[in-house]
1. Would you count, across the chain, every pair of lysines whose alpha carbons are under 22 angstrom apart, provided the pair is eight or more residues apart or spans two chains?
2. Counting only other residues whose beta carbon sits under 15 Å from that of Leu9, what net charge do I get with K and R as +1, D and E as -1?
3. Set the Förster distance to 22 Å, then compute FRET efficiency between Leu107 and Gln84 from the Cβ-Cβ distance, nearest 0.05.
4. With equal scatterers on the alpha carbons only and no solvent term, can you work out the Debye log10 of I(q)/I(0) for the chain at 0.18 1/Å?
5. Can you give me the accessible area per residue for the chain, using a 1.4 Å probe, in Å²?
6. Per the 1.4 Å probe, what fraction of the accessible area of the chain, in percent, lies on carbon and sulfur atoms?
7. Can you give the helix-only mean residue ellipticity at 222 nm for the chain, where every DSSP H stretch with n ≥ 4 adds -39500 (n - 2.57) and the sum goes over all residues, rounded to the nearest 500 deg cm²/dmol?
8. What is the dipole size for segment 58-116, taken about its Cα centre, with +1 at each Lys and Arg Cβ and -1 at each Asp and Glu Cβ, in debye to the nearest 20?
Amino acid sequence: VAYAPKKQLIAIKGISEAKADKLLNEAIKLVPMGFTTATEFHQRRSEIVQITTGSKELDKLLGGGVETGSITEIFGEFRTGKTQLCHTFAVTCQLPVDQGGGEGKALYVDTEGTFR
């Protein structure tokens with residue numbers, strides 16, 4: 001919404017020009033839309049942690065593991081280990097950084113009812 005032109009918002013049924021202005025103002029408060037310096041960008045990148053997959057070879061292919069602060073899509077054929085990998089991430093993300101974790105928390109949303 002923050003990047004949408006006002007004209008595009010007004011085209012949506014039920015959104016007046018005043019509502020569009022309000023939406024854009026609120027969205028701009030939530031989304032950083034300004035210039036980012038190289039120093040700020042470098043600082044944010046230095047805070048990224050690589051979380052291990054549990055496999056040294058897969059970690060090597062991924063450049064050290066899966067980065068925090070990003071979305072990683074896992075796809076493949078039936079019974080190739082996608083769910084097992086997600087279960088592993090749910091555990092390893094809670095491990096200390098020196099053990100390949102992120103010292104964080106996990107929320108596992110199972111949309112297919114396969115978590116046993």
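1. Lysine pairs meeting the criterion: 11.
2. Details: positive: Lys6, Lys7, Lys13, Lys19, Lys22; negative: Glu17, Asp21, Glu26.
Counting the neighbours of Leu9, the net charge comes to +2.
3. Values: r = 18 Å, r/R0 = 0.82.
Here the calculated transfer efficiency is 0.75.
4. Computed log10 I(q)/I(0) values: -0.94.
5. 83 Å²
6. In the chain, the share of accessible area belonging to carbon and sulfur is 58 percent.
7. Details: 5 runs with 45 residues, N = 116.
That calculation yields -11000 deg cm²/dmol at 222 nm.
8. Charge dipole of segment 58-116: 160 debye, to the nearest 20.
The values are calculated or read from the model by the stated rules, or taken from the named source; none is laboratory data. All of these numbers come straight from a predicted model, not from anything done at the bench. Neighbour counts are summed over all protein chains in view; Cβ atoms, including those assigned to glycine, are modelled from backbone coordinates with ideal geometry. Ligands, DNA and RNA are excluded from the accessible area calculation, which covers all protein heavy atoms including side chains. Shrake-Rupley method; radii C 1.70, N 1.55, O 1.52, S 1.80 Å.
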